[in-house]
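Chemist: This structure is in structure tokens; I'll ask about it shortly.
The values are calculated or read from the model by the stated rules, or taken from the named source; none is laboratory data. No experiment lies behind these values; they were computed from the predicted model shown. Glycine gets a Cβ as well: all are built from the backbone with ideal geometry, and neighbour counts include every protein chain shown. Accessible surface is based on the protein model in full, side chains and every heavy atom, while ligands, DNA and RNA are left aside. Shrake-Rupley method; radii C 1.70, N 1.55, O 1.52, S 1.80 Å.
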Amino acid sequence: MDERVMGRLGRRASVVGLGTWQLGADWGDVDEKDALAVLDAAVESGVTFFDTADVYGDGRSEQTIATFLRGRPELDIFVATKMGRRVDQIPENYVLDNFRAWNDRSRRDLGVDRLDLVQLHCPPTPVYSTDEVFDALDTLVEEERIAAYGVSVETCEEALTAIARPGVASVQIILNAFRMKPLREVLPAAREAGVGIIARVPLASGLLSGKYTKDTVFPANDHRTYNRHGESFDQGETFSGVDYESGVEAAVEFAALAPEGFTPAQLALRWIIQQPGVTTVIPGARSPEQARANAAAAALPDLSDETLAAIQDLYDRRIKDQVENRW
């Protein structure tokens, strides 16, 4: 699989990575055997980048990755984790002592002395403008606890603020065919600054897979049930903030644009891969089959100008007004 350089970090990542939120919790139940099978299928398909966080299953996702990598010592996998969502979301909690404690926990759960990349996990907006926060992150690098740091953001404005920081190696942002606003300013600014872009929620929480109908019922412990209106965290993380019923209708139209040989999900991933400035896209997978299908998008041909224009038109007609004023 093609790899791209992660900006200022200089580390290479597969253009399709693996998001591991679903291997911890918040998407229903996934047992360890199944989770390890997903990781194995992804790696065998060329994936070299895993994205996780300390709150995914309260450390379960990180621990599962550690278990997998202990069994495959020959692999060179770039593992990015996130920190900051284990406490009340107030700027005062983003201080060096807490960073060290969170870092100690993630290094223990991942079984490493130094983390490849640590991202602030969608912190309160003022954090991005606080010099002391980034001084503390620089300290973690100096102490060799982490190789580099980045941020995971909710809004384009937060991304642009972070990109201006000289030590930020990466920005993780929601980017998909139902969330196009980052294309206008964020991706060009990241390219100019040499900052990597990690595209998350690439399938709009599964909407763009074309598998769901208005009658689909998700488990009670799936965020697509309990956070549909932002009850537990930012609404933009669930279905990209798109109203579910209208999103299903738009997804039917999106699926009809898939060229021969593409699934709707692969169309969604290929669209992201083609956006200039994207380093890696991190779809999740609940089965080995999903992991392999996602990875296969990296080898599919580029979408035609006609298909790209049709996707843009769909977004402009059905989605843009729902999401651009908020994120």
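Here is a yes/no grid of residues against (1) more than 26 Å from Arg270 (Cβ to Cβ); (2) at pLDDT 95 or above; (3) more than 15 Å from the chain's Cα centre (by Cα); (4) open to solvent by 30 Å² or more (accessible area, probe 1.4 Å):
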| residue | (1), (2), (3), (4) |
| --- | --- |
| Gln119 | no, yes, no, no |
| Thr125 | yes, yes, yes, yes |
| Thr130 | yes, yes, yes, yes |
| Asp135 | yes, yes, yes, yes |
| Thr139 | yes, yes, yes, yes |
| Glu143 | yes, yes, yes, yes |
| Ala159 | no, yes, no, no |
| Pro182 | no, yes, no, no |
| Arg191 | no, yes, yes, yes |
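Chemist: Just give me the residues in the stretch 34-84 being open to solvent by 10 Å² or more (accessible area, probe 1.4 Å), without any contact (Cβ under 8 Å) to a residue 60 or more places away in the chain, polar (S, T, N, Q) and under 23 Å from Met1 (Cβ atoms), in sequence order.
Modeler: Thr48
Chemist: Same structure, new question: Do the conditions hold for Val87, that is, is it open to solvent by 10 Å² or more (accessible area, probe 1.4 Å), touching a helix residue (DSSP H, G or I) at 6+ places or on another chain (Cβ under 6 Å) and in a loop (DSSP other than H, G, I, E, B)?
Modeler: yes
Chemist: Of the numbered conditions (1) free of Cβ contacts under 8 Å to residues at least 40 places away in the same chain; (2) not in a strand (DSSP E or B), Arg191 fails exactly one; give the number of that condition.
Modeler: If we test Arg191 against (1) free of Cβ contacts under 8 Å to residues at least 40 places away in the same chain; (2) not in a strand (DSSP E or B), just (1) comes out false.
Chemist: Of all the residues that make up the stretch 260-280, how many are farther than 18 Å from Gln312 by Cβ and in contact (Cβ under 8 Å) with a residue 60 or more places away in the chain?
Modeler: 3
Chemist: Name the single residue, out of those in the stretch 15-40 being part of a helix (DSSP H, G or I) and of a type in the set (Gly, Ala, Ser), that is modelled with the highest pLDDT.
Modeler: So the residue we want is Ala37.
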